[in-house]
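The values are calculated or read from the model by the stated rules, or taken from the named source; none is laboratory data. Being a predicted model, the structure only gives us computed values, none of them experimental. FYI the Cβ positions are ideal-geometry reconstructions off the backbone, even for glycines, and counts take in every protein chain you see. Each accessible area value is taken on the protein alone, full model and side chains, heavy atoms only, with ligands, DNA and RNA left out. Shrake-Rupley method; radii C 1.70, N 1.55, O 1.52, S 1.80 Å.
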Protein chains: 2
Amino acid sequence: MKLTNGKKTMLDDLQEGIKRAYPSLEHVAGTRGFIRRGFKDDIVPLISGGGSGHDPAHWGFVGDGMLAGAVSGELFVPPSAGDIVEVTRKLTGRKRVFYIVKNFERDVDEFCKARLFLENAGWKVGMAIVKDDISVDTESFEKRRRGVAGTVFFHKILGDYARNGASVEELQKVADELSENVKTIGVAFSGDNFSLGEDEIFYGIGIHGEEGYRRERFESSERLARELISKLRLSFGFKPQDAYAVLVNSLGGVTKMEQLVFSNDVCELLEAEEVSVVFDKTGTFLTSFGLRGISLTLLRIEDENWLKALKAEVDAPEW
Amino acid sequence: MKLTNGKKTMLDDLQEGIKRAYPSLEHVAGTRGFIRRGFKDDIVPLISGGGSGHDPAHWGFVGDGMLAGAVSGELFVPPSAGDIVEVTRKLTGRKRVFYIVKNFERDVDEFCKARLFLENAGWKVGMAIVKDDISVDTESFEKRRRGVAGTVFFHKILGDYARNGASVEELQKVADELSENVKTIGVAFSGDNFSLGEDEIFYGIGIHGEEGYRRERFESSERLARELISKLRLSFGFKPQDAYAVLVNSLGGVTKMEQLVFSNDVCELLEAEEVSVVFDKTGTFLTSFGLRGISLTLLRIEDENWLKALKAEVDAPEW
């Protein structure tokens, strides 16, 4: 069971709940979009979005030092290009904006349509297409490199750059550099769209109920951490003295105790590999409606300023 | 399955995870206690505690404007009086302290033993025994008025008073006044210690796996909100113009979307009763290991200063 009033009104009820709970967010009428109340457009507004069902992504990251706006569509369906443009114009008339988009075909399509429309009206539009999910990693499946929890690192780092006055070009440069350095892998413990035994876990699931690549019996947090790190090690090619930021994200239903136990195992294993953990955070950042599971994101710190940006204070409700 | 390395090391692993994740907390060696790093004992230290298994209670509320320290025991077992004294002495030698204790027999016993010990050594010790759970409400069961999520309101309000220099006597007075004005009722959707059908919910469960008072088919968030409010209405006796603070607490596994949908239903129903909602917050504050469920706490604002204290900024990691 889900504590809602049914799927029909769920997103409208959620919207009312957000409006009530977070006075710092302003709803954009006619859309499932929220903007930062009182946003001053002397900086480039950063906007993210995608399908609903990933709460608190992305509205939870609207605030000083992160996003200026977030726009959702229906459950697992991206917002229309029209809604994206609407939210953008509500934030600024200064004809520049930066979008952060998860790499799903329909999401990218709608944001690109919005960009094209605005560019034709003389806007400068930057865009980060986040493709941090390494669970399907062969070349032939390249297009399935989905955007998942690592997206929140983009919100945080680009958000700090934007707050400090970065131009669209400067944001684009940072986003492009980040792109190869953020990698995520997720695991489901249960999901509405597939059945798993009580002690079975599913590696490499997506955030829209997509199945993973391997089922396995759960043994322990430490064993799971070891498996995910070995995939990430292969993908990054760890070198001693490399510095990493760690994000342990509940995809839904994972308790604070579990997050902390798992994160501790991850950090211990990384330290055993002699790479250094310079930032670590646990929480519920980007979920998948109907899923219980966890994801592990690593960011290789190639630039000291990224770390500074990660650590900067923000007032976004869910960071 | 639980994302741990088994019950044997779970609390030790958690402790390591907390130490790593929250540099603002300092572990008190030889105990499951944490204190605020750099706490200045020119104010009365506020300490809470109880069994483990309620994360992020209570360590998550250690910080400026809330608790000075938190001390846990084993899973669902309170800390020993000795551990309580140890954590207290680590915070101050100024011979005054204030404890916030949930009303469970063993918890109260240990904290009272610690108080007696310190009083014999010349200390002044205040104590709030929180008994906000109204799910068992008949006179013969008075002793079962357990302390649950409303405890976090005590942390927040007394924490602000303490920060502003309140004496032990002043804290005691506020605690006593709060006591009759904080009420909670909880519902389980699933639990390790009892079996429920897929759509069945259990009213009035405890936070240690205790069974509730009635099983019922889940219909909707709004219907559940109505049921819980009707119990709270009876207990408070709502009057128009009454002002209430609302806390919607995940007892485990309830998503942000669910929290916000439910909280919105609660607030709408309260407003329909013409009582005014002056504060509302959703989140994961006090959980019960092995449970999925939610609790609703109301605080009747009898003193404007309580509301000011509730709204004051803090830096505790999980408020």
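How many residues does region A:5-19 hold that are facing chain B (nearest Cβ under 8 Å) and more than 24 Å from the chain's Cα centre (by Cα)?
Of the residues in region A:5-19, the ones facing chain B (nearest Cβ under 8 Å) are A:5-6, A:10, A:13-14, A:16-18.
When the remaining residues are screened for being more than 24 Å from the chain's Cα centre (by Cα), the result is A:5-6.
So the count comes out to 2.
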B:Val246: more than 23 Å from A:Lys7 (Cα to Cα), without any contact (Cβ under 8 Å) to a residue 40 or more places away in the chain and open to solvent by less than 10 Å² (accessible area, probe 1.4 Å), yes or no?
no
Scope region A:23-59; condition within 14 Å of chain B (Cβ to nearest Cβ) and assigned to a loop (DSSP other than H, G, I, E, B); matching residues
A:Pro23, A:Ser24, A:Gly53, A:His54, A:Asp55, A:Pro56, A:Ala57, A:His58
Scan region B:241-255 for residues that are of a type outside the set (D, E, K, R) and not in a strand (DSSP E or B) and jot them down.
B:Gln241, B:Gly253, B:Val254, B:Thr255
Residue under evaluation A:Ala188, criteria (1) within 21 Å of the chain's Cα centre (by Cα); (2) surrounded by fewer than 24 Cβ atoms within 10 Å (Cβ to Cβ); (3) farther than 21 Å from A:Leu299 by Cβ; (4) at pLDDT 95 or above, criterion not met:
(2)
Being out of contact with any strand residue (DSSP E or B) (no Cβ under 6 Å at 6 or more places or on another chain), among the basic types (Lys, Arg) and in contact (Cβ under 8 Å) with a residue 12 or more places away in the chain is the filter; apply it to region A:218-243 and report the residue that is nearest to the other protein chains (Cβ to nearest Cβ).
A:Arg226
Among (1) in contact (Cβ under 8 Å) with a residue 40 or more places away in the chain; (2) closer than 30 Å to B:Leu75 by Cα; (3) within 12 Å of chain A (Cβ to nearest Cβ), where does B:Val314 come up short?
(3)
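If I filter region A:256-277 for residues that are more than 7 Å from chain B (Cβ to nearest Cβ) and either touching a residue at least 60 places away in the same chain (Cβ under 8 Å) or in a strand (DSSP E or B) (or both), do I get at least one hit?
So in region A:256-277, the residues more than 7 Å from chain B (Cβ to nearest Cβ) come out as A:259, A:265-266, A:268-277.
After this cut, where a residue has to be either touching a residue at least 60 places away in the same chain (Cβ under 8 Å) or in a strand (DSSP E or B) (or both) as well, the list is A:276-277.
Yes: one or more hits.
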Just one listed residue, out of B:Ser220, B:Ser195, B:Ser167, B:Ser179, is closer than 26 Å to B:Pro78 by Cα and hydroxyl-bearing (Ser, Thr, Tyr), and it is B:Ser179
Looking at B:Phe285, B:Phe279, B:Phe262 in this structure, which one is open to solvent by 20 Å² or more (accessible area, probe 1.4 Å) and at pLDDT 95 or above?
B:Phe279
Can you pull out every residue in region B:157-171 that is open to solvent by 50 Å² or more (accessible area, probe 1.4 Å) and outside any loop (DSSP other than H, G, I, E, B)?
B:Tyr161, B:Arg163, B:Glu169, B:Glu170
Kindly list the number of the only condition in (1) in a loop (DSSP other than H, G, I, E, B); (2) of a type in the set (A, V, I, L, M, F, W, C); (3) more than 14 Å from chain B (Cβ to nearest Cβ) that fails for A:Met1.
(3)
Expected output for region B:281-296 (first residue at positive phi, partner among the acidic types (Asp, Glu) and part of a loop (DSSP other than H, G, I, E, B), Cβ below 8 Å, 6+ apart or cross-chain) is B:Gly283/B:Glu318; B:Gly290/B:Asp192
Scan region B:43-62 and report the pairs whose first residue is among the polar types (S, T, N, Q) and whose second residue is part of a loop (DSSP other than H, G, I, E, B) and open to solvent by less than 10 Å² (accessible area, probe 1.4 Å), with Cβ atoms within less than 7 Å and a gap of 6+ or a chain change.
B:Ser48/B:His58
State whether the residues of region B:267-276 include one that is under 19 Å from the mean Cα position of the chain (by Cα), at pLDDT 95 or above and crowded, with 20+ Cβ neighbours inside 10 Å.
no
